[in-house]
1. Assuming R0 = 35 Å, can you tell me the calculated FRET efficiency for the pair A:ARG119 and B:ASP163, based on Cβ-Cβ distance, to the nearest 0.05?
2. Once you place label points 7 Å from the Cα toward the Cβ at A:ASP78 and B:PHE185, how far apart are they in nm?
3. Count, for each residue of B:81-89, the Cβ atoms from other chains sitting within 10 Å of its Cβ, then give me the mean as a whole number.
4. Looking at the protein assembly as shown, how many pairs of lysines come closer than 14 Å at the Cα, when each pair is eight or more places apart or spans two chains?
5. How far apart, in nanometres, would the label points at A:ASN3 and B:ARG114 be if each is projected 7 angstrom from Cα along the Cα-to-Cβ direction?
6. For the range A:40-75, which trypsin sites (Lys or Arg not before Pro) pass both filters: DSSP loop (anything but H, G, I, E, B) and at most 15 other C-beta atoms within 10 Å?
7. Just want the ordering: A:ILE67, A:ILE7, from fewest to most Cβ atoms lying within 10 Å of their own Cβ.
8. Please say if the range A:6-121 is rounded, prolate or oblate, where rounded means a/c under 1.5 for a ≥ b ≥ c the square roots of the C-alpha gyration tensor eigenvalues, and otherwise the choice is prolate for a/b larger than b/c and oblate otherwise?
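No value in this document is a laboratory result; all are computed from the given coordinates. All figures in this text were calculated on a predicted structure; none of them were measured in a lab. Backbone-built Cβ (ideal geometry, glycine too); neighbour counts: all protein chains shown.
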Amino acid sequence: MSNTTRILTVDDSPSMRALLNHALSGHGFDVSQAEDGMAALDWLAMNEVDVVITDINMPRLDGFGLIERLREGSRHRDRPILVLTTESSDEKKARARAAGATGWIVKPFDPEKLVAAVRRVAH
Amino acid sequence: MSFEQPIPGAPPLERVTVMQGQALASASPSIEYSTVLGSCVATCLFDPQTKVGGMNHFLLSEPPANLPGTQVDEHYGVYLMELLVNQMLAKGARKSNLKAHLYGGANVNRNMMRIGTMNAEFAREFLRREGIALMREDLGGTNARRVDFRPASGQVRLRTVEDRFAPPVQPTPRPAVSTGDVELF
């Protein structure tokens, strides 16, 4: 079994996914991408992952909905989920926390801080 | 018809200046966004179905030394574009409906000859990657521009203005604190 940390990034912006992929792959992580919460659920049904990094504002299923759906079942109950968002309101941060998010990161992200956070939460 | 001519029965127009580093969106027919651009670029987005429009105004610098070599600070540029898109979505727009105009990106300062061009290229490339249709652009050259944009109708008026009316060429600074800060719960 590989020791490489597997990350799923969930963001509806191809530009942001490309930035995340560049930042994380460059530090040796195995990065997969999904374009919204529904695509993430589909991908997670068939694949294993160590950390999920998700945006909030997305079509079909947003980040809050994704976190809630993942926490409903036993398989992803303890999976680290980092929220990466332009949102800075305390209300939304509290909502993400209540839904079961592991951490909250405000864009624009600093690649070094993001990598440190992933390493810290990865089991 | 000139925008200055009042339309009978229309609400009074509120002109809102979009400053460098800002992104604003509205569905109000009484709002007009206005900005003056030198090397800066303004993106105007419009959703013709929901009649929501928005404008941002940015000038990206070269990236910080610790970031890999893109020509401008793409991390911050993507963030500023996402802010605009999210403001639009919060007002009811749909990303798949969005139409874009790009203005500005002049090389008005000989000492920063390429900065306008690099910002224009970033904006075009962002829209291409995001699948947002670019309907009109007026980029480059050496003259400053004034853009008036009515978000609820998507109407734009573009004028060339004297360079002295353009804001000074200063790349939009990233926030000094709390950039990318991580809070673990």
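1. Efficiency at R0 = 35 Å is approximately 0.10.
2. 1.8 nm
3. On the way: counts 3, 11, 3, 0, 4, 7, 1, 0, 4.
The per-residue average across the peptide is 4.
4. Numbers: A:LYS93/A:LYS107; B:LYS51/B:LYS91; B:LYS51/B:LYS95; B:LYS51/B:LYS99.
The result is 4.
5. In this crude label model, A:ASN3 to B:ARG114 measures out at 4.2 nm.
6. Those that pass, being in a loop and sparsely packed, are A:ARG60, A:ARG75.
7. The fewest-first ordering by Cβ neighbours comes to A:ILE7, A:ILE67.
8. Numbers: a/c = 1.32, a/b = 1.11, b/c = 1.19.
Rounded.
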